[in-house]
1. Residues to consider are 56, 75; find the one that is at pLDDT below 80, loosely packed, with under 15 Cβ neighbours inside 10 Å and in a loop (DSSP other than H, G, I, E, B).
2. Please work out if residue 107 is modelled with pLDDT under 80, exposed (fewer than 15 other Cβ atoms within 10 Å of the Cβ) and assigned to a loop (DSSP other than H, G, I, E, B).
3. Being of a type in the set (D, E, K, R) and at pLDDT 90 or above is the requirement here; does residue 28 meet it?
4. Looking at (1) at pLDDT 80 or above; (2) surrounded by 13 or more Cβ atoms within 10 Å (Cβ to Cβ); (3) closer than 17 Å to residue 104 by Cα, which is the one condition that is false for residue 70?
5. Which residues, counting only those in segment 31-52, are farther than 19 Å from residue 18 by Cβ, modelled with pLDDT under 85 and of a type in the set (Phe, Trp, Tyr)?
6. In this structure, does residue 20 turn out to be among the charged types (D, E, K, R) and closer than 26 Å to residue 71 by Cβ?
7. Every residue in segment 113-129 that is modelled with pLDDT of 90 or more and surrounded by 13 or more Cβ atoms within 10 Å (Cβ to Cβ), please.
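The values are calculated or read from the model by the stated rules, or taken from the named source; none is laboratory data. No experiment lies behind these values; they were computed from the predicted model shown. Here the Cβ positions follow ideal geometry from the backbone for every residue, glycine too, while neighbour counts run over all protein chains shown.
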Amino acid sequence: MFKKYKMEYMKDDGGVSSVDFFVNSKAKRGGFMHRACVIGYLPRIDDIGTDYGKYRANEDVLMGKRACKVSYIGRTWECYSGQTCLAKLWDQLTKLKFLDMSLISKTNPFEGNDEPTHEDLWEPDELFGRFSR
């Protein structure tokens with residue numbers, strides 16, 4: 001399983017920006033894990049372009065918070081695959097004081113029973129396996 005959730009939001013200048021959340025499942029000894037990451041411009045409360053030097057520490061923290069993983073031994077009790085990991089990543093991002101995740105969604109979009117709109121992506125092994133036949 002490998003999925004992409006594209007989320008669009010209005011920027012301060014009136015333009016539209018988007019950010020992509022990805023989640024995939026990986027088998028491991030004795031269970032499996034979900035891994036999630038976010039790629040794209042996240043809405044900031046401040047203007048990073050004015051003095052990048054003073055934000056370097058914030059960016060280092062952000063890089064550590066742009067990915068998440070959750071391991072499972074048995075099965076999960078999620079409404080859809082990857083939900084726990086995606087919700088955890090969203091919560092980590094909302095705790096960063098220099099981001100304004102409410103521009104994307106007022107609530108965590110991954111916590112409800114309904115799965116947000118997503119695109120199923122090819123797993124690399126699955127994709128390249130098709131060409132080796």
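1. Numbers: 56 fails: in a loop (DSSP other than H, G, I, E, B).
Result: 75 is the single residue among 56, 75 that is at pLDDT below 80, loosely packed, with under 15 Cβ neighbours inside 10 Å and in a loop (DSSP other than H, G, I, E, B).
2. Values: modelled with pLDDT under 80: no; exposed (fewer than 15 other Cβ atoms within 10 Å of the Cβ): yes; assigned to a loop (DSSP other than H, G, I, E, B): yes.
Criteria not met by residue 107.
3. Details: of a type in the set (D, E, K, R): yes; at pLDDT 90 or above: no.
Against the criterion (of a type in the set (D, E, K, R) and at pLDDT 90 or above), residue 28 does not qualify.
4. That leaves (3) as the condition not met.
5. Once the filter is applied, which keeps residues that are farther than 19 Å from residue 18 by Cβ, modelled with pLDDT under 85 and of a type in the set (Phe, Trp, Tyr), segment 31-52 yields only 52.
6. On the way: among the charged types (D, E, K, R): yes; closer than 26 Å to residue 71 by Cβ: yes.
Answer is yes for this residue.
7. Going through segment 113-129, the residues modelled with pLDDT of 90 or more turn out to be 113-121.
Selection gives 115, 116, 118, 121.
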